[in-house]
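First comes the structure, then the notes that go with it.
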């Protein structure tokens, strides 16, 4: 029995089975939280640096597109690598690669030799390493917490990430006002060093050894094995399709929301801030109640209920007559999205053998986000020829159709 398992058994004895007493979980959570908070400085500084360098909205938009590329193009291959290698080494390597990328950007800024292609290349490496860390993080969680704690663990992670997303941009903005880019990015680099330090202290069982995987397939064979695992898990496969379609509806709404608020509703900047923040508030509430609601509602019906509330949120946006209607609709969007994500991630961790979890997570993640960029582009063009608020109605109808689809699958009977 390894040291981590012994530690978990000690926590279980005498009713002390608590996530807040799980050292491994706290190390992983604390390191990633500090890094996520300081990374907002980079996130805010990057488009400003590109604007100062080029004065081009196209260059800024291209950088935004590069952020999506690792998920769309490399997710499956990253999943294979996560499953093939020791998860702790994957975490450390990907965090180190992020730190090296930030360090190189700082060095080029200091030398005053920065060019746009530097940011594109280093940004792609940075976002690829970030996605790799996230995939490994997802696969490590079932190895360091008990199965019956996964929902609570994912809810805690979601709560802290949403909180960071609320305060992070404000802190980053203040930092960039009082210091230049170089000092700001140095803080981001320090956050990554904290992540590296906390990760180095982790003791993680190797998922590959735990499940005694002794055959080594080719890369293509590993990809096929992960694909089969996802497709043969009918509940997870149907829910992956659900999230894909739900993401299309959500992306369609987000593609026109700010334009609608500013151009049609004539909201002021402060009101727009409330509208966008209300989604995060909904996400916080979702993290607080995600575990508790399963005492009264089975997981399958919970997904359907969440989609129903999401559809109501889109209807509120469609019928909106003032900014607080928009805020209410986005609150429902954040609430239901949070609940769906927490329970989807938990189900994927619970039902997938850990030696396959990296590949299944990579494959499902790619599928779920594949259509989102096309939704942004397509709906942006559609809104040029129809009244913008009909996009919200379309999202509501699509969400209703997803409910009809789920009612015809085994998901509805899920406990």
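General observations
- Considering residues of the stretch 197-212 that are surrounded by fewer than 17 Cβ atoms within 10 Å (Cβ to Cβ) and either in the same structural domain as residue 354 (by TED's automatic domain parsing) or modelled with pLDDT of 90 or more (or both) only, the residue farthest from residue 30 (Cα to Cα): 203
- Test: residue in the stretch 258-267 that is within 30 Å of residue 235 (Cβ to Cβ) and either modelled with pLDDT of 90 or more or not in a loop (DSSP other than H, G, I, E, B) (or both): no
- Selection within the stretch 214-253: residues that are without any contact (Cβ under 8 Å) to a residue 12 or more places away in the chain and under 30 Å from residue 412 (Cβ atoms). The member of this set that is surrounded by the most Cβ atoms within 10 Å (Cβ to Cβ) is 237.
- Among residues that are at negative phi and touching a residue at least 40 places away in the same chain (Cβ under 8 Å), residue 292 is not included.
- Annotation note: of 94, 158, the sole residue that is crowded, with 19+ Cβ neighbours inside 10 Å, touching a helix residue (DSSP H, G or I) at 6+ places or on another chain (Cβ under 7 Å) and modelled with pLDDT of 95 or more is 94.
- Annotation: residue 246 fulfils all but one of (1) at pLDDT below 90; (2) assigned to a helix (DSSP H, G or I); the unmet one is (1).
Residue-by-condition table, conditions (1) under 17 Å from residue 246 (Cα atoms); (2) at pLDDT 90 or above; (3) not assigned by TED's automatic domain parsing to the domain that holds residue 230:
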site: 289; (1), (2), (3): no, yes, no
site: 317; (1), (2), (3): yes, yes, no
site: 322; (1), (2), (3): no, no, no
site: 335; (1), (2), (3): yes, yes, no
site: 344; (1), (2), (3): yes, yes, no
site: 347; (1), (2), (3): no, yes, no
site: 350; (1), (2), (3): no, yes, no
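- Among the numbered conditions (1) surrounded by 21 or more Cβ atoms within 10 Å (Cβ to Cβ); (2) free of Cβ contacts under 8 Å to residues at least 24 places away in the same chain, the only one that residue 121 does not meet is (1).
- Selection status of residue 240, farther than 18 Å from residue 276 by Cβ, assigned to a helix (DSSP H, G or I) and at pLDDT 90 or above: yes
- On inspection, residue 301 fails the criterion of being within 21 Å of residue 72 (Cβ to Cβ) and modelled with pLDDT of 90 or more.
- Some residue of the stretch 105-115 being crowded, with 21+ Cβ neighbours inside 10 Å and either modelled with pLDDT of 95 or more or within 30 Å of residue 202 (Cα to Cα) (or both): yes
- Residue match in the stretch 317-324 (condition: under 21 Å from the mean Cα position of the chain (by Cα) and either closer than 27 Å to residue 87 by Cα or buried (at least 19 other Cβ atoms within 10 Å of the Cβ) (or both)): no
The values are calculated or read from the model by the stated rules, or taken from the named source; none is laboratory data. Just so it is clear, the model here is predicted, and its values are computed rather than measured. Every residue, glycine as well, gets a Cβ built from its backbone with ideal geometry; the counts of neighbours run over all protein chains shown.
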